[in-house]
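The values are calculated or read from the model by the stated rules, or taken from the named source; none is laboratory data. Model, not experiment: these values are computed from the prediction. Please note: Cβ atoms are built from the backbone with ideal geometry, for glycine as well, and neighbour counts cover all protein chains shown.
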Amino acid sequence: MDCFALSKRFVTVNFVLFAVLLLMSVVSNSHAEEPVSAIEQYKLGPGDLIRIQVYGENDLTLEARLGEADSIDYPFLGEIKPVGKTLDQMQAQIAQGLKQGYLVDPRVSVTVLEYRQFYISGEVKNPGGYAYQPGLTVRTAISLAGGFTDDAAEDEIQLISENDPAKTPHPASQDVRLKPGDTIIVKESFF
C-alpha cells in the first residue's frame, strides 16, 4: 500500500470515529438535561415511596410510602410533611431541623424509590395504573400499556390532570408529558 492510500484510510477512520463520538455527545447531553430538571421539579405526593438518608447517621435513615395524611414521623423532628414539596425542599427542611441541636452539618439525601402511579384507560391492551417516571409522555404510557387496541381512535386521547379538582378531560397529543397521578383516556373509534 502506498503512503497516499494509508493516509486516506487514516483520515476516513478518524472522521468516522469523530462522527460517532460527536453523535454520542449530542445524544447523551440531550437526555441528561431533561430528567434532571424533571426530577428537580417533581413534587412529592400520596403513593410515592421515599428514602430519607443522613450520611454517617444510619439511625436517621427512613423509608416511607406517603399517604393521604401527607405527613410522616421522623426521628428527632417529629411530624414532617413531604407532600407537595420537591426533593430539594425536603432535604433543606430536614437538614435545617437536624441543625437545631442535633447535628453540626447534616448531609441529607431524599430520593424517590418508587413514584406514584399514573392511570390509563380505554382502548389500550392493558389498562390500569403504572409507575410514573420523569419525562414520561402519553406515547410512552400507551406503549407501557401494551399499545392501542384495534378499536382505538389514536387521535382521540384525553388527559385528566391529578391537580384538576373538577377532573375535566382535555384533548392531548401523544407528545404531551405526563405528571404523576394523571389519567389518560384513549377513545374508541367508530369507523
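Name the residues in segment 156-187 that are of a type in the set (A, V, I, L, M) and free of Cβ contacts under 8 Å to residues at least 60 places away in the same chain, would you? First the steps, then the outcome.
Going through segment 156-187, the residues of a type in the set (A, V, I, L, M) turn out to be 157, 159-160, 166, 172, 176, 178, 184-186.
Within segment 156-187, Ile157, Leu159, Ile160, Ala166, Ala172, Val176 meet the criteria.
Would you mind telling me which numbered condition in (1) among the hydroxyl-bearing types (Ser, Thr, Tyr); (2) buried (at least 17 other Cβ atoms within 10 Å of the Cβ); (3) assigned by TED's automatic domain parsing to the domain that holds Thr61 Thr183 fails?
For Thr183, the exception is condition (3).
Among (1) touching a residue at least 40 places away in the same chain (Cβ under 8 Å); (2) exposed (fewer than 15 other Cβ atoms within 10 Å of the Cβ), there is one condition Met90 misses while meeting the rest; what is its number?
(2)
Is it the case that some residue within segment 105-115 is assigned by TED's automatic domain parsing to the domain that holds Val176, more than 21 Å from Gly47 (Cβ to Cβ) and surrounded by 13 or more Cβ atoms within 10 Å (Cβ to Cβ)?
Within segment 105-115, not a single residue is assigned by TED's automatic domain parsing to the domain that holds Val176, more than 21 Å from Gly47 (Cβ to Cβ) and surrounded by 13 or more Cβ atoms within 10 Å (Cβ to Cβ).
Considering only segment 41-64, state which residues are of a type in the set (Gly, Ala, Ser) and loosely packed, with under 14 Cβ neighbours inside 10 Å. Steps first, please.
If we filter segment 41-64 for residues that are of a type in the set (Gly, Ala, Ser), which is where we start, we get 45, 47, 56, 64.
Within segment 41-64, Gly56 is the sole residue that qualifies.
Mind listing whichever residues of segment 158-187 are of a type in the set (Lys, Arg) and more than 18 Å from the chain's Cα centre (by Cα)?
Answer for segment 158-187, where residues must be of a type in the set (Lys, Arg) and more than 18 Å from the chain's Cα centre (by Cα): Lys167, Lys187.
Checking Ala152 against (1) of a type in the set (A, V, I, L, M, F, W, C); (2) over 26 Å from Glu68 (Cβ atoms); (3) surrounded by fewer than 19 Cβ atoms within 10 Å (Cβ to Cβ): exactly one of these is not met. Which one?
Going through (1) of a type in the set (A, V, I, L, M, F, W, C); (2) over 26 Å from Glu68 (Cβ atoms); (3) surrounded by fewer than 19 Cβ atoms within 10 Å (Cβ to Cβ) one by one, Ala152 breaks only (3).
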